[in-house]
Amino acid sequence: MPDKYDAIIIGSGQSGPSLAARLANEGMQVAIAERGLFGGTCVNTGCIPTKPLVASARAAFDARRAADYGVMINGEITVNMKKVKARMDTIRGASNKGVEGWLKSMENCTVHEGHARFEGPGQVSVGDTLIEAEKIFINVGGRASVPDIPGIDSVDYMTNTSIMEVDFIPEHLLILGGSYIGLEFGQMYRRFGSEVTVIQRGSRLIAREDEDVSSAVREILEAEGINILADTCDLEIEKRGEQIAVKMYCEGVNREAVGSHLLVATGRMPNTDDLGLDKAGIKIDKRGSVEVDDELQTSAPGVWALGDCNGKGAFTHTSYNDFEIVAGNLLDGDSRRVSERILTYGLFIDPPLGRVGMTETQARASERKVLAAKKPMSHISRAKEKGETLGFMKFLVDADSKEFLGAAVLGVGGDELIHAVTDIMYAKAPYTVIQRAVHIHPTVSELVPTTLGELAPLE
């Protein structure tokens, strides 16, 4: 006979533990299944471990340019990657153990360690244990997607997961993929001391962004000595002694890059292929994402999907918001919808990119009357004082409603400044609220009202 619960949660990523706590606090008997590391991608291979690495890389970068600020450091600047990794491991280990301890000590919650599979409607097996519940929540996250490139299986490539175990500085790191993950690791390892080559299939980096953003990001990375090869079209990988060669063919032009190590950062895919979803009548789309409605319910009654596996967002903050949506609807009488969420995210290179809402390309295609304003970071006193003048801020406004359509802030503090626009967008307030606000001097934010005063119709 199966063990009976009120709710089953498959996976302990960003949504799962918080949902378990809410359900358990309501007196429900909750089972949560985890087959690997507690905390999911963010805790173990994503946000939490990568940001200490970014911080160490920034420290090395600052040390090398200290003389520009009148600070003289005698001797060679070196990076001890074993110490860098040890610091990172300490931080992520505390987070991982924190999640595990929280769940295992939670009243009304039972932790099952092992691989979970649906055995039928309302029934899940975890190893040899069969459990059932009227409510089941899928929170299985995603993993690196490795493209079918000729020769790729002949080399020991890394993904965003395996590169987290590196405790040395690669001589020459080749990166397949010029988007968020690839660029963060590229700048990081360049600052550690690696030669870095980014290989991008398309014509420009982070293709979802506007062309001016992509170009500025490329300028930032190339200024640090990162080699970027775009328009690579067809690829072939070859093991060449102790080295790895990536051959590129595009419209009769043949190129190649040879390096010591290869990072594949070409996208991610949901962990849904081994869950037995068909046995429970749960539909997936062509990418493998679980199909959900606006309240995150699947095609099967009593089953919800949260986090990266539902295709509604690939970020820690969207996964947590999935928990808030489900908890609001089930427990709080608060009607919440995925469609109410405004897209916002960051690219954590240095300087960072903060993004919210529409791109300029999307705004133009919307057939709205659009006002735009753009300010280079080189015009902002605080950026000049800090010696960080690369990038710009750009704002898009609906001329009729005076509401923000979107914004991009590529520059010092951009990942924090963007929230001022995000909050105004959620409030559905006009941009004039910020324009008339008095901000602290000297800050980057103080130029937002000034920039909004320069709004003009898109040409």
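Data table
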quantity: Stretchable slack from ALA365 to ALA456, in nm (0.36 nm times residue separation minus alpha-carbon distance); calculated: 31.0 nm
quantity: Estimated FRET transfer efficiency when R0 is 56 angstrom, pair THR161-LYS428 (beta carbons, to 0.05); calculated: 0.90
quantity: Pairwise label distance in nanometres, SER335 with VAL71, each label 7 Å out on the Cα-Cβ vector; calculated: 5.5 nm
quantity: Extension gain (nm, one decimal) between HIS379 and SER154, 0.36 nm per residue minus Cα-Cα; calculated: 76.0 nm
quantity: Distance histogram for region 344-457 (every C-alpha pair counted, 5 angstrom bins, percent rounded to whole numbers); calculated: 2, 13, 25, 26, 20, 11, 3, 1, 0
quantity: Separation between Cα centres of region 145-172 and region 20-81, rounded to whole Å; calculated: 20 Å
quantity: Over the chain: Kirkwood hydrodynamic radius from C-alpha pairwise inverse distances, Å; calculated: 24.1 Å
quantity: Ellipsoid semi-axes in whole angstrom, largest first, where each is sqrt(5λ) of the Cα gyration tensor of region 144-188; calculated: 18, 14, 10
quantity: Ranked list, fewest to most other Cβ atoms within 10 Å of each Cβ, for LEU37, LEU205, LEU347; calculated: LEU37, LEU347, LEU205
quantity: Residue-averaged 222 nm ellipticity for the chain, from DSSP H runs of 4+ at -39500 (n - 2.57), nearest 500; calculated: -9000 deg cm²/dmol
quantity: Estimated distance in nm for a label pair at GLU403 and CYS250, the labels positioned 7 Å out from Cα along Cα-to-Cβ; calculated: 3.9 nm
quantity: Sequence of TRP102, TRP304 once ranked by neighbouring C-beta atoms within 10 Å, starting from the fewest; calculated: TRP102, TRP304
quantity: Residue exposure sequence - ILE91, ILE131 - by fewest surrounding Cβ within 10 Å; calculated: ILE91, ILE131
quantity: Net length gained if the chain between GLU446 and ASP293 were fully extended (0.36 nm per residue, minus Cα distance); calculated: 51.0 nm
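None of the figures in this text is laboratory data; all of them are computed from the coordinates on show. What you are looking at is a predicted structure, and each value in this text was computed from that prediction instead of being measured. Every residue, glycine among them, receives a Cβ derived from its backbone with ideal geometry; neighbour counts consider all protein chains shown.
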